Amino acid sequence: MNTTVTQYEEVRRNLAFEKAIGQELDGVVRAAAKTVQLLAPARASEMRENQIRNVVSVAVETPSVEVITNFIRYQMGRSSQGKTWLYNNFGQAVISDIEGPVGEAAVRVADEVTAKVGGVDRKTICKDAHLKLARFYLGYLNRCFYYGDKTGRWDDLYREKGVCDDVRQV
């Protein structure tokens, strides 16, 4: 019986976690879209698709946000003459997003999950959420870059608010 209760609690935790993550995705997409505009036009920055994809690959392989930001700093160190990750302070902006808005979203996820599901470790939930949201952020960053690079329509990427943000409650 104890195993059934534990499995039930784990399912509740996972459902609450995934729902809370989903509620943060619009903000994560907007952060990525806004930051990637620093690379416009891509030919001036000399950023290439594979350079952002490499960071996405690191993010998928590691269980640590610190490893991700360390790899971005490494890429910044490898950049030369204000190009790629140094262009318009792009690399630092990505790190700032991961440590700022993405991290703040992870805290909100942890708050939501701990409010809905008792007996969970808030710090573990926050770390798991931060990693998952950082992975999403980098994936969206990659998609946004690809769109901007291929179409040249960098201004299409970012909106301050979502369509429904100004809808009034009745």
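How many residues, within region 79-128, are in contact with a Phe, Trp or Tyr (Cβ under 8 Å, 6 or more places away or on another chain), more than 20 Å from N54 (Cα to Cα) and not aliphatic (A, V, I, L, M)? Final tally of qualifying residues: 1.
Pairs are defined by a Cβ separation below 7 Å, a sequence spacing of at least 6 or placement on different chains, a first member in region 82-102 that is on the phi > 0 side of the Ramachandran plot and part of a helix (DSSP H, G or I), and a second member that is surrounded by 15 or more Cβ atoms within 10 Å (Cβ to Cβ) and not aliphatic (A, V, I, L, M); the pairs so defined are T84/S45; T84/E46; T84/Q51. Report whether or not F71 is of a type outside the set (D, E) and within 15 Å of A134 (Cα to Cα). Considered against the rule, which asks whether it is of a type outside the set (D, E) and within 15 Å of A134 (Cα to Cα), F71 comes out as yes.
Within region 7-24, is even one residue assigned to a helix (DSSP H, G or I) and under 20 Å from I95 (Cβ atoms)? Checked against the condition, which is being assigned to a helix (DSSP H, G or I) and under 20 Å from I95 (Cβ atoms), region 7-24 yields at least one hit.
Looking across region 69-98, just one residue is under 16 Å from P41 (Cα atoms) and of a type in the set (V, I, T), and that is T84. Taking the numbered list (1) modelled with pLDDT under 85; (2) in contact with an Asp or Glu (Cβ under 9 Å, 6 or more places away or on another chain) in turn, F145 passes all entries but (1). In summary, C144 fulfils each of the numbered conditions (1) in contact with a Ser or Thr (Cβ under 9 Å, 6 or more places away or on another chain); (2) within 23 Å of I72 (Cβ to Cβ); (3) surrounded by fewer than 20 Cβ atoms within 10 Å (Cβ to Cβ) with the single exception of condition (3). Of all residues in region 147-160, those satisfying the criterion of being surrounded by 18 or more Cβ atoms within 10 Å (Cβ to Cβ), of a type outside the set (F, W, Y) and not in a loop (DSSP other than H, G, I, E, B) are G148, D149. Among the residues making up region 103-131, those that are without any contact (Cβ under 8 Å) to a residue 24 or more places away in the chain and outside any helix (DSSP H, G or I) are G118, D121. For the residues V102, V163, V113, the requirement of being more than 11 Å from the chain's Cα centre (by Cα), at pLDDT 90 or above and not polar (S, T, N, Q) singles out V113. When restricted to residues that are of a type outside the set (D, E, K, R), surrounded by fewer than 19 Cβ atoms within 10 Å (Cβ to Cβ) and assigned to a helix (DSSP H, G or I), region 38-55 contains 5.
The values are calculated or read from the model by the stated rules, or taken from the named source; none is laboratory data. As the structure is a prediction and not an experimental result, all values here were calculated from the model. A quick note on method: Cβ atoms are made from the backbone with ideal geometry, for glycine too, and the neighbour counts reach across all protein chains shown.
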